[in-house]
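Worksheet: one structure, shown below.
Values in this text are rule-based calculations from the coordinates and carry no lab data. What you see is a predicted model, and the numbers here were worked out from it, not measured in a lab. Counting neighbours? That spans all protein chains shown, and the Cβs are built from the backbone with ideal geometry, glycine included.
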Amino acid sequence: MSAVAVQLRIQGESTLLAPELETLHTAFGTAWIVDRADLLDLADWHAAFDRDAKDHRYYRLCETTLRQPNFHYRYLLLRDHTGAVRALQPFFFTDQDILAGLSAGLRAHVERVRRTFPRFMTLKILMVGCTAGEGHLGLIRGHEDAEATDGLLAAFHTYGRAQKASVITFKDFTKDHRPTLTPTAQRHGYVRMPSFPATVIDLAGYKDFEDYLSRRLSKNTRKSLRRKFRPDETQAPVTMEVRTDVSDCVDEIYPLYRQVLARSAYRFEELTREYFVELGRTMGDRARFFIWRQGGRAVAVSLGMAHAGTFYDNYLGLDYAVAYDLSLYFVTIRDLFDWAVQQGLHRYYSTPLNYDPKLHLRFALEPLDLYVRHVSGWINPFFTRIAPLLEPTRYDKLLPRFENHADLA
């Protein structure tokens, strides 16, 4: 391993954050911490996530529209000793309650402690990945190997220590990264543990949702759903429209998303009106907005993406004044299923949480992984032992009932 200069550039200004960062012993060459402006015209940045539904445009969208006070966005650019870009990895700093996944009973004890110590078990975390979505390694095509991954992990550890972060977390990384990321991360002192999983349905072979219902679901579930879908002649019908641009109706649909967010037990990101508008403007080739109306009034909205044969059902909004009477949650899944099949898509991907109806609808779990370590070398062995006790899925009683629950391990 050779000593190489590590220059950390922040806000476009070259600066050495600390004397120990002047050199980093790695086999690569140089790592830069840059802001978004430094990447705009870099071809490698455009290529880093071109296979993913949430490509480089999505990371830019999140930074410019999800401006929560505790999100501080950065990007790590890694070059090897020849000067070739090997990786471009988005990350951000946030203050995180690492006990958020505890059961309600245990959290009650924690809240009593926080009356005296407000920041108890709230840590500054260097979080690698995406603020609003699953995580992917930004390895440049042709360099998707353990060596480049090793370089990323080494650089993040050095930078995390310099910035006085307590913990480094690779957030919600898909299982596709396990063959390379898991053994490399373990060598760097990380422990892998399950995050709340997404869920999927294989659409292949089904003509529509009715066909899926008849062939895949239990008798009781079929009976329940058909009753929910039975038209009520006393009410106006619910109709769906599909858009790529909602700038003219964002004030009508955004409050529906806010109603769902207000009822969520777990909150991380919080979408803004700007996110709704800019998603369509920035990624209109992939983004779709589905709006359900009754008598002309919006009663539900879903934000989705279609890419590489998969439909991604990302965010939902409901008018709870009528949501239960109209069975809107199930109506949205039925209509999105049918739309995806009509578009020739073969996979329906739904974001984490709300597992009870998904269990009855026979979704399969799609694992998402957390990789965590403490930046302190002497604390980390103890931290990685207790971290699995705090992982969010541990106290969810529904997940073990899914057929492929073992895939989370």
Under a straight-distance cross-link criterion of Cα-Cα below 27 Å, which lysines are reachable from K164, leaving out those fewer than 8 residues away in the same chain? K124
Can you say what percent of the DSSP beta bridges in the chain, counting only those with both residues inside, are antiparallel? Round to 5. 90 percent
Please work out how much length the chain gains when fully extended from T234 to A406, using 0.36 nm per residue of separation minus the C-alpha to C-alpha distance, in nm with one decimal. 57.3 nm
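Using packing as a proxy for protection, rank 126-139, 191-204 so that the peptide with the highest average count of other Cβ atoms within 10 Å comes first. Don't skip to the answer; put the middle values down first.
Details: 126-139: 22.9, 191-204: 19.9.
Sorting 126-139, 191-204 by mean packing, highest first, produces 126-139, 191-204.
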For the range 261-409, what is the percent of antiparallel DSSP beta bridges, rounded to the nearest 5? 80 percent
Report the label-to-label distance for D176 and E241 in nanometres (one decimal), using points 7 Å from each Cα along the Cα→Cβ vector. 3.4 nm
Flagged as over-length at 18 Å C-alpha distance, from K228/K358; K54/K358; K54/K171; K228/K397, the pairs are K54/K358; K228/K397
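Assuming R0 = 45 Å, can you tell me the calculated FRET efficiency for the pair T221 and E274, based on Cβ-Cβ distance, to the nearest 0.05? Each step should come with its number before you reach the end.
Values: r = 39 Å, r/R0 = 0.87.
Rounded to the nearest 0.05, the efficiency is 0.70.
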Sum of side-chain charges, V167 neighbourhood, beta-carbon under 9 Å (Lys, Arg +1; Asp, Glu -1): +2
Cβ under 11 Å from F91's Cβ, F91 left aside: what net charge do those residues give with Lys, Arg +1 and Asp, Glu -1? +2
Backbone N within the range 48-64 under 13 Å of label point (7 Å from A204 Cα along the Cβ vector): none
Taking Cα pairs closer than 8 Å and at least 6 residues apart, the relative contact order of the chain in percent is 19 percent
What is the extension gain from D356 to L261, computed as 0.36 nm multiplied by their sequence separation minus the C-alpha to C-alpha distance, in nm to one decimal? 32.5 nm
Order these peptides, 270-278, 364-372, 394-402, by their mean beta-carbon neighbour count within 10 angstrom, highest first. 364-372, 270-278, 394-402
Taking the range 259-309, the whole-percent share of alpha-carbon pairs separated by over 14 angstrom is 64 percent
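Can you work out the FRET efficiency for the pair L40 and R187, with r the C-beta to C-beta distance and R0 = 30 Å, to the nearest 0.05?
Numbers: r = 34 Å, r/R0 = 1.14.
For L40 and R187, the calculated efficiency is 0.30.
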Give, as a single signed number, the net charge of other residues whose beta carbon lies under 14 Å from the beta carbon of D356, with Lys and Arg counted +1 and Asp and Glu -1. +4
Within the chain, which whole H helices from DSSP have a Cα span along their axis of at least 30 Å and a mean Kyte-Doolittle hydropathy of 1.0 or more, if any? none
